[in-house]
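The values are calculated or read from the model by the stated rules, or taken from the named source; none is laboratory data. Since the model is a prediction, treat every value here as computed from it, not as a measurement. Here Cβ is always computed from backbone atoms with ideal geometry, including for glycine, and neighbour counts include all displayed protein chains.
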Amino acid sequence: MPDITIASGLAALALLLDAPERAAQRVDLCALDALAVEAREEIRRLPSAKRREHYSLIYLADDGRLAHTPAKPGLSDKVTLQQIEATLSAAGVGPERMVGFVHNHPIEQYGFSPTERGMNRYPSGGLASQGDWRFARWLVEQGAGGPTGEAVFLYVVDIRNAVRRFDFAERDSYVALTPRDQEKGLNLPPTLSGKGGRCRKAAPSGGARRAR
């Protein structure tokens, strides 16, 4: 299973920023989805994309726009918290600024059976275990996504390079699924395509850009 190692109503979406005097801003899901698709394209072009996990972080920049970090490789079947913290540090932001986490579940790691392929269309793990959902909860604990994490999103690129958005606010509908449910595609979100995919737009946060 993919793993992220842990060291320690959408109209109301709001991000808590590290500068308390700044007003909370809503997330533009169209811009967010477009950046996730862009990050997916970066990941799929990397030579090791079929055999190891890669990731990109979407965050709110100082100018109020959404940005994403360049796609980077993880460690085979996982992305570590240390890697994520180093990437955020290089971008000059803290985890409280993160909005989305894009990563792939590569075919050479997770493509060996129908059940495994089905499971890896979804984020890994539950809230109490190591995995994608536990990492999302860690982000919320660091102040990302508003008081209840309603503006934290996981994007999974499956073995066929399809990318889907999973909302932390809707996590209960995913973490309770059995492997058989996942193989059947229960509660599986539609794939994103082009710029924006299935976005449900909230008030703009200022557009989107790629981090340099």
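I want to confirm something. Restricting to region 61-72 and keeping residues that are in contact with a Ser or Thr (Cβ under 8 Å, 6 or more places away or on another chain) and at pLDDT 95 or above, which single residue is surrounded by the fewest Cβ atoms within 10 Å (Cβ to Cβ)? For region 61-72, the residue satisfying everything is Pro70.
Against the list (1) of a type in the set (Ser, Thr, Tyr); (2) in contact with an Asp or Glu (Cβ under 8 Å, 6 or more places away or on another chain); (3) surrounded by fewer than 17 Cβ atoms within 10 Å (Cβ to Cβ), the condition Tyr110 fails is (3). Could you tell me which residue of region 149-177 is surrounded by the most Cβ atoms within 10 Å (Cβ to Cβ), considering only residues that are among the basic types (Lys, Arg) and in contact with a strand residue (DSSP E or B) (Cβ under 7 Å, 6 or more places away or on another chain)? Per the stated criteria, the residue is Arg165.
Scanning region 116-150 for residues that are among the β-branched types (Val, Ile, Thr) and modelled with pLDDT of 90 or more turns up just one, Val140.
Taking region 12-30 as the search range and keeping residues that are modelled with pLDDT of 70 or more and not hydrophobic (A, V, I, L, M, F, W, C), which one is surrounded by the fewest Cβ atoms within 10 Å (Cβ to Cβ)? Result: Arg26. Only a single criterion out of (1) closer than 23 Å to Cys30 by Cβ; (2) modelled with pLDDT under 90; (3) not β-branched (Val, Ile, Thr) is not satisfied by Phe153, namely (2).
Test Leu88 against the stated conditions and say whether it is in contact with a helix residue (DSSP H, G or I) (Cβ under 8 Å, 6 or more places away or on another chain), farther than 16 Å from Leu35 by Cα, crowded, with 18+ Cβ neighbours inside 10 Å and at pLDDT 95 or above. When the stated conditions are applied, Leu88 passes them.
Exactly one residue out of Asp3, Asp33 is under 14 Å from the mean Cα position of the chain (by Cα), among the acidic types (Asp, Glu) and at pLDDT 95 or above, and it is Asp33. Quick one: how many residues across region 178-212 are at pLDDT below 90, surrounded by fewer than 16 Cβ atoms within 10 Å (Cβ to Cβ) and touching a Gly at 6+ places or on another chain (Cβ under 8 Å)? Qualifying residue count, region 178-212: 1.
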